[in-house]
Amino acid sequence: MELLVTVCAWLGLGVLLLGVTGRLLWAWRAARIEGSVLPVMSARYGLRSLVHWLLPLSTRNQRLHPVVTLVSYLFHLCLLLAPLLVAGHVELWRQRWGFGWPTLPDPVIDVMTLVVMVAVLFFLLRRLAAPEVRNVTGWKEYLLLMVVVAPFVTGIIAHLHLLDYRLVMVLHIVSGTLWLVLIPFSWLSHMFWFFFTRSYMGSEFGAVRNARDW
Amino acid sequence: MADIEDARVEDAGIDQAVDKLEPARIEAVIRRVLGAGCGARLKVYLQTCVHCGLCADACHTYLSRDRDPDFAPVAKVKETIWEMVKRQGRVSPEFIKKCARIAYTECGACRRCSMYCPFGIDIAYLIMLVRRICALLGVVPVYLQDTVNSHAATSNQMWVQPDDWIDTLIWQEEDAADELEGVRIPLDREGADIMYSVIAPEPKILAQLIANMAVIMKVAGVDWTMPSLDGWDNSNMAMYSGDFEVMGRVERLHWERALQLKVKRVVMGECGHAYRGAVYDGPKWLGWSKPPIPMVHAVEFYYELLREGRIKIARKIKEPVTVQDPCNIVRGRGLHHKLRYIINELCEDFRDVSPRFEHNYCCAAGGGVINCGPPWKLSRLKSNRVKAEQLAATDAHLVVTPCHNCHSGIEDIIGYYGLGMHVTFINELLVKCMDRGDGSGEVER
Amino acid sequence: MSGIDGWNWDAGERRVVELGVLSSFEQVHEFAVSPDGEKLAVPVVEEPGQVRVWQNGELWSEAVERAWSLRFLPDGRLVALVRVDDSWTVAVDGQRWEDEFEFAWNLKFSANGRSLAVQVKRGMKYGLVIDGRDWGAEFISMRDFALSPDGKRAAALVQVEQLAEADIFKFAEGVWSVAVDGQPWERRFINVYSPVFSPDGQHVAAEVRLDMFEYSIAEDGRPWDAVFGTSWAPCYRSNGKGIIAPVRTPEGWALVENGKPVWQGRYSQMWHQRLAPDGQRLAAVVSTAYGRWTVAVDDRPWPRTFSDVVLAPRFSPDGGRVVALARDQGSWLVVVNGQPWPGRFDMAWEPEFSPDGRHLAAKVERDGKFQVVIDGHPLPRSFDMLWSPRFSPQGDKLLVRAVEEGVYKRLVLGLEQLARA
Ligand code: HEM
Ligand code: HEM
Ligand code: SF4
Ligand code: SF4
């Protein structure tokens, strides 16, 4: 078990880190070759755009889709914070490295986990129900949604000791690793590309075309 | 579902070329285009898209066609470039035919969707890559290609002969001088402050606009000139067909002419795509990060003249007026406030549209779509019901359209949807409303 | 009139003609001054539809309906395109050509000014008249033309076959060609651009479009074997053996001679290649990166680059220096061997070297006034109007043609004096 934890943690975080770094380096080089990308980038207008798109309901399209927007915000918030602030993870980290950081109480984490699960269910239903989304949804999209939710499902089951703890923990660790590994290699990479695509568009609209992009 | 009627449209430029396509050639072209020089943006966009469909609401074609999912921006990408990438270029001639229909006639590269996608994915850029591939394969709607051929041969959009150009200017000068004494259109006046450039439809079918401009220049006391030789046309359909070599040649000649004439700035007539070509796409392909000397769109120019009091308004238009925000000068240049300033100066009863400014709906004619000609007209009209509804809601009689594509596109929509409105360029209103300093400009409307 | 040696090079200033009298005309159009500075001319409107050319206070005897494109030829003759009774022709020193045309435009002349050519239209067909001699041949369209160095021959871009409306297929087969002395090349192309004569006037090269996306350079109708993504205007080596053109390759813009690279460098852009007087060294405008422009001399770009645009470079007569105008951050610079002269200008005109190559002078504009800059030093006096300065054959004097306080003046300045001042 301990071995599995060590291997998976290294593997997951390692692949994530190396994968992301590799992608960014590649993009940097490709952007240099493309020539016209980097000169357009503007800190001011890039940030202006990021701020608007990171604040809920501050863009017209977010206002046109208030439910999706709010679900998505809660989803991302919980999705990013829960794994970082759950006692179980920080404990493991402390055991290995000898230091840790404050955690959130378990019930809070449970709620956050549930939020993620409900949100994924919402996304799933939306993909099935809304024609313009179903039209661009394939097995990959469903699979990725499953991968995204899996560590949360297994995590909460483990925490609540609903099923065989050891088995669920193994599933949790495996799915968690998959979660991390897939980020650089699927559209989950939007996690880091977001900052670049958005600030590029913000720069092009703001610095070059004198217009707003939200 | 794609519209059956659209899929059945016959277009010799597409159909005949598709019949001759070899899969090996298709593969080679796709690999070449997607491989070289567009690595960063293309690949990042493809990886980033989470297939969320949130861009759908941006697109007038989607909104106008009862939210048909095939008209969502992401669907247009899915049906074209995703497939090309996934199959590494091994796609059929029939597939290319579909790509041409989607890329040339169902997307106007208006870039509205890149401000609806949370990631700012530039769908129009991806669609332009599809057009580039189609162009290299020779699969281009016949009327659009003919326009590009005109650009290639004559450097203007409508096969205007060199003498017809000069003759038209002379004739417009004479007409304008009948209206206001002393009006001139100075040809090749080296060292003038401003070179004025227009698009070929002006001398060809809307020559009055040039005379109007001459009157405006005279009243405002501008030191200006127009070139007598090729390079006078600032329009560029090659930019939209995907023939960037011709696009670059046309834009270069336009700028070289301005540099030869030693002018400080170029002012251009009321056209949106021409602004994009002369300021962004053309210079970019040629290596310029911005035009070599400033380009001033007519809207900016009129704004300047009114603001500085070089033109004074003698009387205002009384009937209700609304506006079409042209994509390429609104999303493309942020001129919407200046545009409204001008309209409010000229009109008593201005009724704004909603959504507006950068969120305007495209006219569905720009981006080369209207240049695909009669075969695709019905499709184009079906693709812009939202615009008709938006305009109808204003109850205005007159639609100000400071762009040639918008002008024609909106005129068609007004006819098709029976809106009973008229379109007008600012130029036409300005000559009616301004104080010419000779007591005229008092035409009742 | 004899050549530049015969001009009056006595130092001093002369008021040639007062311009105040022009206010009696309804309109005064664009001025032209003679190369030797002795004459100033302008079309003036006496009343609508009645135009005359005014020269140093005298009017051409005949009034025309219109006169434009007025200019002095290098040999001092004054030409204009004129319309009489709705027909166009060329008038030289007030004398109209006998032939009349539906339209006549695009006046060009040889370096010595003796030869004069113009595009014409007659009966909806397009032709060319050179020194009053009509090509006879008529074409469906003609976009532009080039003159041979001696001005005796012309090569025009012509459409040789009618195209039906929107006939893109015929267009792709090629309906354009280059007509030399009225005779089109046998081979047709999709497009032809930028014709140029060899120095001896015996050959013509031009850009040709072989396929929708394949361009090359052809000489006398025969394209190179090599094809490129696209190209820009070719030029000849002075021995007439080599044709040099910038072409677009997958790696970037390259400079090629007879289809093979002459420079190894690949650039984001390249155009306006120019040969040194020795016919060996080459300079061209290049873009070294997106939005950065400069001049490359023998494949070595100047280290200093400019943001807006760089105009065609020019070698000094001894080949030692290269000068180009550059626009950077919104203002113009005169750049010599990569180093800008001090001072930024609202506009700058093509500088001229003295015949010995030691001096360089240019007309510049600042705050609506015009000045002469010599070797980087602006002359203190500024003018309301100015024409590009000219050096004397010995390179010791400078002719300045300018309008100041309503008077057209001719100034000859001694360079020694200026240096001391
Ligand atoms: C190698 C990797 C991982 C290991 C060893 C691991 C281990 C654990 C452990 C020991 C717990 C505590 C269970 C309990 O309270 O009894 C836990 C909970 C949790 N884990 Fe992980 N985890 C891993 C990866 C991940 C990843 C990648 C995610 C996220 C996306 C994740 C999300 C969660 C969540 C949300 C909980 C809390 C569930 C709840 O309390 O409601 N884990 N994990
Ligand atoms: C800072 C990091 C992140 C940012 C800025 C971000 C941003 C976004 C945005 C803007 C969307 C667009 C659609 C919407 O709003 O619903 C989205 C969707 C989504 N994100 Fe993220 N995200 C981030 C991290 C993550 C991570 C780490 C995951 C999971 C591994 C993730 C999973 C998802 C999923 C599954 C969707 C799609 C929802 C659907 O099916 O429509 N995100 N994200
Ligand atoms: S027409 Fe405009 S909104 Fe629609 S897909 Fe094209 S760029 Fe996007
Ligand atoms: S909104 Fe953006 S991420 Fe979502 S489907 Fe459209 S292009 Fe893809």
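The values are calculated or read from the model by the stated rules, or taken from the named source; none is laboratory data. Everything numeric here is computed off the predicted structure, so don't read it as measured data. Cβ sites come from the backbone with ideal geometry, for glycine too, and all protein chains shown count toward neighbours.
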From the option list B:Leu381, B:Leu346, B:Leu391, single residue qualifying as among the hydrophobic types (A, V, I, L, M, F, W, C), modelled with pLDDT of 95 or more, more than 30 Å from B:Ala214 (Cα to Cα) and touching a strand residue (DSSP E or B) at 6+ places or on another chain (Cβ under 9 Å) is B:Leu391
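Residues are listed down the side, and each one gets a yes or a no for (1) assigned to a strand (DSSP E or B); (2) surrounded by fewer than 22 Cβ atoms within 10 Å (Cβ to Cβ):
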| position | (1), (2) |
| --- | --- |
| C:Pro342 | no, yes |
| C:Pro355 | no, yes |
| C:Ala361 | yes, no |
| C:Glu365 | yes, yes |
| C:Gln394 | no, yes |
| C:Leu398 | yes, no |
| C:Val403 | yes, yes |
| C:Leu411 | yes, yes |
| C:Ala419 | no, yes |
Single condition B:Val219 does not satisfy, out of (1) under 29 Å from B:Ala109 (Cβ atoms); (2) modelled with pLDDT of 95 or more: (1)
Kindly indicate which of B:Asp19, B:Asp66 is more than 16 Å from ligand 1 (Cβ to nearest atom), in contact with a Pro (Cβ under 8 Å, 6 or more places away or on another chain) and either at pLDDT below 95 or not assigned by TED's automatic domain parsing to the domain that holds B:Cys327 (or both). B:Asp19
Scan region B:342-374 for residues that are more than 14 Å from every other protein chain (Cβ to nearest Cβ), in a loop (DSSP other than H, G, I, E, B) and either within 16 Å of ligand 1 (Cβ to nearest atom) or surrounded by fewer than 20 Cβ atoms within 10 Å (Cβ to Cβ) (or both) and report the count. 4
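Looking at B:Arg131, B:Arg111 in this structure, which one is away from ligand 1 (no atom under 16 Å from the Cβ), crowded, with 24+ Cβ neighbours inside 10 Å and within 11 Å of chain A (Cβ to nearest Cβ)? Please lay out each step first, then the result.
Working: B:Arg131 fails: within 11 Å of chain A (Cβ to nearest Cβ).
Answer to the selection: B:Arg111.
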Tally up the residues in region C:298-313 that are surrounded by fewer than 19 Cβ atoms within 10 Å (Cβ to Cβ) and away from every other protein chain (no Cβ under 14 Å), please. 5
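Yes/no per residue for (1) more than 7 Å from every other protein chain (Cβ to nearest Cβ); (2) of a type in the set (A, V, I, L, M, F, W, C); (3) under 30 Å from B:His51 (Cβ atoms):
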site: B:Met115; (1), (2), (3): no, yes, yes
site: B:Tyr125; (1), (2), (3): yes, no, yes
site: B:Gln157; (1), (2), (3): yes, no, no
site: B:Val160; (1), (2), (3): yes, yes, no
Quick check: is even one residue across region B:164-174 closer than 28 Å to C:Asp384 by Cα and among the aliphatic types (A, V, I, L, M)? no
Name the residue that is nearest to the chain's Cα centre (by Cα), counting only residues in region B:45-81 that are away from ligand 2 (no atom under 16 Å from the Cβ), surrounded by fewer than 24 Cβ atoms within 10 Å (Cβ to Cβ) and of a type in the set (Lys, Arg). B:Arg65
Of the residues B:Leu209, B:Leu144, B:Leu169, B:Leu129, which is in contact with a Pro (Cβ under 8 Å, 6 or more places away or on another chain), part of a helix (DSSP H, G or I) and not acidic (Asp, Glu)? B:Leu169
I need the full set of residues from region B:79-98 which are in contact with an Asp or Glu (Cβ under 9 Å, 6 or more places away or on another chain) and either within 14 Å of ligand 3 (Cβ to nearest atom) or within 14 Å of chain A (Cβ to nearest Cβ) (or both), in order please. B:Glu79
Select from region A:53-97 the residues that are closer than 30 Å to A:Ala211 by Cα and away from ligand 2 (no atom under 11 Å from the Cβ) and list them in ascending order. A:Leu55, A:Leu57, A:Ser58, A:Arg60, A:Arg63, A:Leu64, A:Pro66
Checking A:Ala150 against (1) within 16 Å of ligand 4 (Cβ to nearest atom); (2) hydrophobic (A, V, I, L, M, F, W, C); (3) more than 29 Å from B:Ser114 (Cα to Cα), which single condition isn't satisfied? (1)
Counting only residues that are within 14 Å of chain A (Cβ to nearest Cβ), assigned to a loop (DSSP other than H, G, I, E, B) and in contact (Cβ under 8 Å) with a residue 60 or more places away in the chain, region B:306-339 contains a total of 3
Taking the residues in region A:200-214 that are more than 7 Å from chain B (Cβ to nearest Cβ) and surrounded by fewer than 23 Cβ atoms within 10 Å (Cβ to Cβ) as candidates, determine which candidate is nearest to B:Lys284 (Cα to Cα). A:Val208
Complete set of residues in region A:132-141 that are exposed (fewer than 14 other Cβ atoms within 10 Å of the Cβ) and either within 10 Å of ligand 2 (Cβ to nearest atom) or free of Cβ contacts under 8 Å to residues at least 24 places away in the same chain (or both): A:Gly138, A:Trp139
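Here are some residues: A:Phe123, A:Phe99, A:Phe75. Which one is of a type in the set (Phe, Trp, Tyr) and within 14 Å of ligand 4 (Cβ to nearest atom)?
A:Phe123
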